[in-house]
Amino acid sequence: MKEMTGEIGFVRGRKVKDGALYGLMAAAAAFVMLVLVFIVGYIITQSAGFFKLSFVFGGEGGGLLPMIVSTVYITVLSLGIALPVGVITAIYLNEYSKDSGAIRVIRLAIETLAGIPSILYGLFGLLAFCRVFGFGQSIAAGAATLSIMILPVIIRTTEESLKTIPDELRQASLALGATRFQTIVRITAPLALPGILTSAILAIGRVVGESAPVLLTVGIARNLPRSIFDSGRTLTIHLYYLTKEAIHPDDFAKAFATAGVLVIVVILVNGAAKLSARLFRNRPGAGASL
């Protein structure tokens, strides 16, 4: 009887602990959502009437359209360069490489790239892409610089996603006669798609939020870029100059309105990335067995 009572007490104690941990996690998740809502709400309320279409597409100062286009150009081009290279590197490190001296050097290089301050990337891009390669201060130079900067994020996140895939799936595919490359294309890569998507979203956030490398490699021109070899001004740089040169009372309101547009651009780009991944995952034959 005492043993049964002890077991009941043990089960009840575990239920209480599980309930407390669940409540703590729910509270943490709710806190994160409240912080996001507070930040977005504060930005919108402080825009003081400037958060409207006339401020974005026209009006005084020409609107924010050139800055939005420059930001989208840099984001898409940076991801277009870094995402394939980062994903292929992560696949090589996780699926093909062995623990050798060369692999350890590669991992050390990735970790070193992740720890370099962004201003050093800007100086490198200014010297290499703007001067040596002759791009000048342009969107192409800024995108090339930022693509190097976001490579560690993409490689690490994709590799961690690949590690979560059970080895039994790879072994079963190889046992059925598939090559390692076919296994990666048909099995491993589709299953790792959520991790690849996460790496893309993290990279987008860093590209959009950077200022020092963009300032040195892209420039501050407010014109609408006609090609990737034109100079431009991203929303982050424009926001910096609005707050730096604030003279009139409305300048900070314009800065908050610009910040609101920046948040919307980030949400739209992230939403497009998630939608693309979902369409690919739901495509007939995606992730199907050989």
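The values are calculated or read from the model by the stated rules, or taken from the named source; none is laboratory data. Bear in mind the structure is a predicted one, so any value in this text is a computation, not a measurement. Glycine gets a Cβ as well: all are built from the backbone with ideal geometry, and neighbour counts include every protein chain shown.
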Worksheet item: What are the residues in the range 143-180 that are surrounded by 20 or more Cβ atoms within 10 Å (Cβ to Cβ) and either of a type in the set (Gly, Ala, Ser) or touching a His at 6+ places or on another chain (Cβ under 7 Å) (or both), if any?
Response: Ala143, Ala144, Ser147, Ser161, Ser173
Item to complete: Examine the range 177-190 for a residue that is assigned to a helix (DSSP H, G or I), closer than 30 Å to Arg226 by Cβ and in contact (Cβ under 8 Å) with a residue 24 or more places away in the chain, and state whether such a residue exists.
Response: no
Item to complete: Being part of a helix (DSSP H, G or I) and without any contact (Cβ under 8 Å) to a residue 40 or more places away in the chain is the filter; apply it to the range 108-121 and report the residue that is surrounded by the fewest Cβ atoms within 10 Å (Cβ to Cβ).
Response: Gly115
Worksheet item: So which residues in the range 228-272 are in contact (Cβ under 8 Å) with a residue 12 or more places away in the chain, of a type in the set (Gly, Ala, Ser) and part of a loop (DSSP other than H, G, I, E, B)?
Response: Ser231, Gly232
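Scan the range 123-130 and tell me whether some residue there is touching a residue at least 40 places away in the same chain (Cβ under 8 Å), in contact with a Phe, Trp or Tyr (Cβ under 8 Å, 6 or more places away or on another chain) and not basic (Lys, Arg).
yes
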Worksheet item: Among the residues of the range 131-166, how many are without any contact (Cβ under 8 Å) to a residue 40 or more places away in the chain and in a loop (DSSP other than H, G, I, E, B)?
Response: 5
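Could you tell me whether the range 91-107 includes any residue that is in contact (Cβ under 8 Å) with a residue 24 or more places away in the chain, exposed (fewer than 13 other Cβ atoms within 10 Å of the Cβ), of a type outside the set (D, E, K, R) and within 22 Å of Ser199 (Cβ to Cβ)?
Our first condition is that a residue be in contact (Cβ under 8 Å) with a residue 24 or more places away in the chain; within the range 91-107, this holds for 91, 93-96.
From what is left, the residues that are exposed (fewer than 13 other Cβ atoms within 10 Å of the Cβ) are 96.
Next, only the ones that are of a type outside the set (D, E, K, R) stay: 96.
Add one more test, that the residue is within 22 Å of Ser199 (Cβ to Cβ), and what stays is 96.
Among the residues of the range 91-107, at least one is in contact (Cβ under 8 Å) with a residue 24 or more places away in the chain, exposed (fewer than 13 other Cβ atoms within 10 Å of the Cβ), of a type outside the set (D, E, K, R) and within 22 Å of Ser199 (Cβ to Cβ), which makes the answer yes.
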Worksheet entry | Residue satisfying condition, being farther than 30 Å from Asp167 by Cα, surrounded by 12 or more Cβ atoms within 10 Å (Cβ to Cβ) and modelled with pLDDT of 85 or more, within set Tyr22, Tyr73 | Tyr73
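So that you can scan it fast, the table gives a plain yes or no per residue for (1) in contact with a strand residue (DSSP E or B) (Cβ under 7 Å, 6 or more places away or on another chain); (2) modelled with pLDDT of 85 or more; (3) part of a loop (DSSP other than H, G, I, E, B):
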residue: Met4; (1), (2), (3): no, no, no
residue: Phe10; (1), (2), (3): no, no, no
residue: Lys15; (1), (2), (3): no, no, no
residue: Ala30; (1), (2), (3): no, yes, no
residue: Phe38; (1), (2), (3): no, yes, no
residue: Ala48; (1), (2), (3): no, no, yes
residue: Ser78; (1), (2), (3): no, yes, no
residue: Val85; (1), (2), (3): no, yes, no
residue: Ile91; (1), (2), (3): no, yes, no
Worksheet entry | Condition check for Ala200: surrounded by 21 or more Cβ atoms within 10 Å (Cβ to Cβ) and in a helix (DSSP H, G or I) | yes
